[in-house]
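Below is one structure, written out as structure tokens; comments come after it.
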């Protein structure tokens, strides 16, 4: 069993109700693809594995034809943890071109993962990251009774 | 001020339009070349992103399918299928081309080969 088959088996054990499909290469040194289909109309999660390059994780949109992977991980353990997080939260990966735009917007850190890893962030920095990604920033407070209220700045 | 490049959705739609309008290919090599030339032409015409394959992971340009992304088609050894993140592109020995979305298996291009048959 290779690394991506192990990830597949672990994901099937973790999410027995999800459709999970392995797409092996035709050529010996080609790339493997693992697709995890999330519920609720979300984009699926794709893991591309090449033993010499590591694991690429992406939540492809309908027009992502011929673009690179969004995030790269070096170990099957880190890849598994990231996929579990994406499935459980419904979040999307962030394409590198958005990172490039964020840099052009003057956000500073080159990678959203590094942005996410910071201890503290200003709202204006988050707003610039969102803007560079073509989105708008929205912050909600969730209360113990389940209600939510959007915070305005 | 320069206009931003059209979105990936607009460029992908133009790629499909041009590919569908191109003459039917007569074999795999011709169809594969047609896909590559058409997509590269769209990106050259519609974006400011230079053709730079070593930078394909992060430049946002759409690149044609590569041989190391070829997949098996069970029960159809005559077909060659290429995987991209969200799509499968299948080429038949008659030059027919089929592109499907992975998410829902929706057919987004069905281009017959020189014999007027699909894949």
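The values are calculated or read from the model by the stated rules, or taken from the named source; none is laboratory data. Note that the structure is predicted; figures quoted are calculated from it, not measured. Ideal geometry is used to build each Cβ from the backbone, glycine not excepted, and the neighbour counts take in all protein chains shown.
Entry remark, the range B:97-107: residues being in contact with a strand residue (DSSP E or B) (Cβ under 7 Å, 6 or more places away or on another chain) and buried (at least 16 other Cβ atoms within 10 Å of the Cβ) number 6 in total.
Say whether the condition of being more than 22 Å from residue A:43 (Cα to Cα), more than 10 Å from every other protein chain (Cβ to nearest Cβ) and touching a residue at least 24 places away in the same chain (Cβ under 8 Å) is met by at least one residue in the range B:57-75. The answer is no, given that none of the residues of the range B:57-75 is more than 22 Å from residue A:43 (Cα to Cα), more than 10 Å from every other protein chain (Cβ to nearest Cβ) and touching a residue at least 24 places away in the same chain (Cβ under 8 Å). Just so you know, in the range A:13-37 the residues that are more than 10 Å from chain B (Cβ to nearest Cβ) and within 20 Å of residue B:104 (Cβ to Cβ) include one that is nearest to the chain's Cα centre (by Cα), and it is A:36. Kindly evaluate residue B:78 against the criterion of being farther than 19 Å from residue A:67 by Cα and either more than 11 Å from chain A (Cβ to nearest Cβ) or surrounded by fewer than 16 Cβ atoms within 10 Å (Cβ to Cβ) (or both). Judged against the criteria, residue B:78 is a match. Residues in the range B:1-31 that are more than 21 Å from residue B:107 (Cα to Cα) and touching a helix residue (DSSP H, G or I) at 6+ places or on another chain (Cβ under 6 Å): B:6 only. For the range A:38-53, the candidate set comprises residues that are in contact with a helix residue (DSSP H, G or I) (Cβ under 8 Å, 6 or more places away or on another chain) and more than 11 Å from chain B (Cβ to nearest Cβ); within that set, the residue that is nearest to residue B:79 (Cα to Cα) is A:49. Here residue A:10 meets each of (1) under 13 Å from residue A:84 (Cα atoms); (2) within 14 Å of chain B (Cβ to nearest Cβ); (3) surrounded by fewer than 20 Cβ atoms within 10 Å (Cβ to Cβ) with one exception, condition (2).
Residue check: residue B:37 meets all listed conditions (1) surrounded by fewer than 16 Cβ atoms within 10 Å (Cβ to Cβ); (2) in contact with a helix residue (DSSP H, G or I) (Cβ under 9 Å, 6 or more places away or on another chain); (3) at pLDDT 95 or above but one, namely (2). Scan the range A:11-28 for residues that are assigned to a loop (DSSP other than H, G, I, E, B) and touching a strand residue (DSSP E or B) at 6+ places or on another chain (Cβ under 8 Å) and jot them down. Residues satisfying the conditions are A:15, A:18, A:24, A:26, A:27. Take residue B:28 and decide whether it is more than 17 Å from residue A:61 (Cβ to Cβ) and more than 10 Å from chain A (Cβ to nearest Cβ). So residue B:28 passes the test. Quick check on residue B:6: is it out of contact with any strand residue (DSSP E or B) (no Cβ under 9 Å at 6 or more places or on another chain), more than 10 Å from chain A (Cβ to nearest Cβ), touching a residue at least 40 places away in the same chain (Cβ under 8 Å) and closer than 30 Å to residue A:41 by Cβ? In short, yes.
Restricting attention to the range A:94-119, the residues being surrounded by fewer than 20 Cβ atoms within 10 Å (Cβ to Cβ), assigned to a loop (DSSP other than H, G, I, E, B) and at pLDDT 55 or above number 2.
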